[in-house]
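Participant: Quick one: this structure, given as structure tokens, is what I'll be asking you about.
The values are calculated or read from the model by the stated rules, or taken from the named source; none is laboratory data. Owing to the predicted nature of the structure, the values given are computational and were not obtained by experimental measurement. Don't worry about glycine lacking a Cβ; one is built from the backbone with ideal geometry, like all the others, and counts go over all protein chains shown. In case anyone asks, the SASA skips ligands and DNA or RNA and just uses the protein heavy atoms, side chains included. Shrake-Rupley method; radii C 1.70, N 1.55, O 1.52, S 1.80 Å.
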Amino acid sequence: MDQDFAATVGAVSKLIQEFNKLPGIGPKSAQRLVYHLLRASEEQTRLLAEALLSLKQETRLCSICFNVTDSDSCRICSNEQRDRNKICIVEQPQDILALEHTGIYSGLYHVLHGAISPIEGVGADDVRIRELLDRLEDGSVDEVILATNPNLEGEQTAMYLNRLITPLGIKVTRLARGLPFGTELEYADDVTLTRAIEGRQEF
Ligand SMILES: [Zn+2]
């Protein structure tokens, strides 16, 4: 009996710990989620577990733009309707979701998977900059839009990329300043993002 009780408590606290590691979920929220799941049906928890497993098993990164995809290349890179002369540089895959939601941009993307941050020891080689430069080599791109976050790391990354790309004879633009400094792209609303893309300025 005691052993059963210990095992149950162990499973509960283990899941609380795991939820607690997720962004935006503190110990209280983690606890609430776990006790909610304890009351949920076996079916519901099984669906959640399966969804978690297939998240990793059924997704990969596009070998061209490094967006999350279930097919390689991704739906954007393989879409012939997209404007192949423009590449929009973002820090994270979810930034593409935010920009696509505005419906205003029809070019391609490149996901850096991070931003340069000397304080946190993230250098140019730790994000997908080399792969970006490879994509620019064939001369088919005439505009690179820097859509890194309007915060310190994002600005540093944008300046670094501008120094690398401008000498290649490619126009480099940066999203307009309508985005409040210190925020992240994925949280910007559609109207602000649309204005930022439309008002993008040459670096
Ligand atoms: Zn792609």
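Participant: I'd like the orientation of helix 27-39 relative to the chain: the angle between its Cα long axis and the longest Cα principal axis, in ° from 0 to 90, rounded to 10.
Facilitator: Helix 27-39 sits at roughly 60 degrees to that axis.
Participant: For LYS14, list the lysines whose Cα falls under 17 Å from its own Cα; do not include residues on the same chain fewer than 8 positions away.
Facilitator: Qualifying lysines at Cα under 17 Å: LYS28.
Participant: At a 1.4 Å probe radius, which order do ILE165, ILE104 fall into by accessible area, largest first? Mind showing how you got there, number by number?
Facilitator: On the way: ILE165 0, ILE104 65 Å².
Solvent-accessible surface, decreasing: ILE104, ILE165.
Participant: From the gyration tensor of the Cα coordinates in region 6-54, what semi-axes in whole Å does the equivalent ellipsoid have, largest first, with each one equal to sqrt(5λ)? Write down the numbers at each step before the final one.
Facilitator: Details: eigenvalues 58, 42, 21 Å².
Largest first, region 6-54 gives 17, 14, 10 Å.
Participant: For LYS86, give me every one of the lysines with a C-alpha distance below 28 angstrom, ignoring sequence neighbours fewer than eight places off in its own chain.
Facilitator: LYS171
Participant: In debye, nearest 20, what is the charge dipole magnitude of the chain about its Cα centre with +1 on Lys and Arg Cβ and -1 on Asp and Glu Cβ, if you could check? Can you show the working numbers first?
Facilitator: Values: 21 positive and 31 negative charges, 61 e Å.
With only Lys, Arg, Asp and Glu charged at Cβ, the dipole is about 300 debye.
Participant: Please compute the per residue accessible area over region 53-126 with all protein chains in place, 1.4 Å probe, rounded to a whole number of Å².
Facilitator: Values: 4000 Å² over 74 residues.
Ligands and nucleic acids excluded, the figure is 54 Å² per residue.
Participant: How do GLU91, GLU198, GLU18, GLU137 stack up against each other in accessible area, from largest to smallest, with a 1.4 angstrom probe? Spell out each step's value before the answer.
Facilitator: Numbers: GLU91 15, GLU198 125, GLU18 90, GLU137 150 Å².
So the residues, ranked largest to smallest area, are GLU137, GLU198, GLU18, GLU91.
Participant: Taking Rh as the Kirkwood radius, which is the inverse of the mean 1/r over Cα pairs, what is the Rg/Rh value for the chain? Please report the intermediate quantities before stating the final value.
Facilitator: Numbers: Rg = 21.0 Å, Rh = 19.3 Å.
That ratio equals 1.08.
Participant: Something else now. Along the charge dipole of region 53-181, pointing to its positive end and built from +1/-1 on Cβ of Lys, Arg, Asp and Glu, which listed residue (CYS74, GLY114, ILE170) has its Cα farthest out?
Facilitator: Result: ILE170, furthest along the dipole toward the positive end.
Participant: Separation between the ASP138 and GLU42 pseudo-spin-labels, each 7 Å from Cα along Cα→Cβ, expressed in nm?
Facilitator: 5.4
Participant: I've got another one for you. Output ³J(HN,Hα) for region 53-58: one whole-Hz value per residue in order, computed from phi by the Karplus curve 6.51 cos²θ - 1.76 cosθ + 1.60 with θ = phi - 60°, and x for Gly and Pro.
Facilitator: Values per residue, Gly and Pro as x: 5, 6, 4, 8, 6, 9 Hz.
Participant: Right, something else. Using a cut-off of 19 Å between alpha-carbon atoms, which lysines can reach LYS21, once sequence neighbours fewer than 8 places away in the same chain are excluded?
Facilitator: LYS56
Participant: Shifting gears a bit: In sequence order, what are the phi-derived ³J(HN,Hα) couplings for region 79-88 according to the Karplus relation 6.51 cos²θ - 1.76 cosθ + 1.60 with θ = phi - 60°, rounded to whole Hz, with x for glycine and proline?
Facilitator: Result, rounded to whole Hz: 7, 5, 6, 6, 6, 7, 8, 10, 10, 9.
Participant: Please report the accessible area of LEU133 (heavy atoms, 1.4 Å probe, ligands and nucleic acids excluded) in Å², nearest 10.
Facilitator: Result for LEU133: roughly 50 Å² accessible.
Participant: Round to the nearest 10 and report in Å² the accessible area of GLU120, as given by a 1.4 Å probe over the protein chains' heavy atoms.
Facilitator: Surface accessible to solvent at GLU120 totals approximately 140 Å².
Participant: Using the Kirkwood radius over Cα pairs, work out the Stokes-Einstein diffusion coefficient for region 65-181 at 25 °C and 0.890 mPa s, in µm²/s as a whole number. Walk me through the numbers on the way to the answer.
Facilitator: Numbers: Rh = 14.5 Å.
Taking Rh from Cα pairs, D becomes 169 µm²/s.
Participant: Consider just the alpha-carbon atoms of region 27-94 and return their Rg together with their Dmax, both in angstrom.
Facilitator: Radius of gyration, then largest Cα-Cα span, for region 27-94: 18.0, 53 Å.
Participant: Still on this model: Please name which of PRO27, SER63, LEU37 has its Cα lying farthest along the dipole of region 16-73 towards the positive end, using unit charges on Cβ (Lys, Arg +1; Asp, Glu -1) and the Cα centre as origin.
Facilitator: Towards the positive end, the residue furthest out is PRO27.
Participant: Specify whether the C-alpha gyration tensor of region 122-203 places it in the rounded, prolate or oblate class, a ≥ b ≥ c being the square roots of the eigenvalues: rounded for a/c under 1.5, otherwise prolate if a/b is larger than b/c and oblate if not. Don't jump to the answer; show the numbers that get you there.
Facilitator: Details: a/c = 2.18, a/b = 1.43, b/c = 1.53.
Here region 122-203 falls in the oblate category.
Participant: Related question: Using only the alpha-carbon atoms, how far is helix 2-20 inclined from the longest principal axis of the chain? Give it as 0 to 90 degrees, nearest 10.
Facilitator: Compared with the principal axis, the helix lies near 20 degrees.
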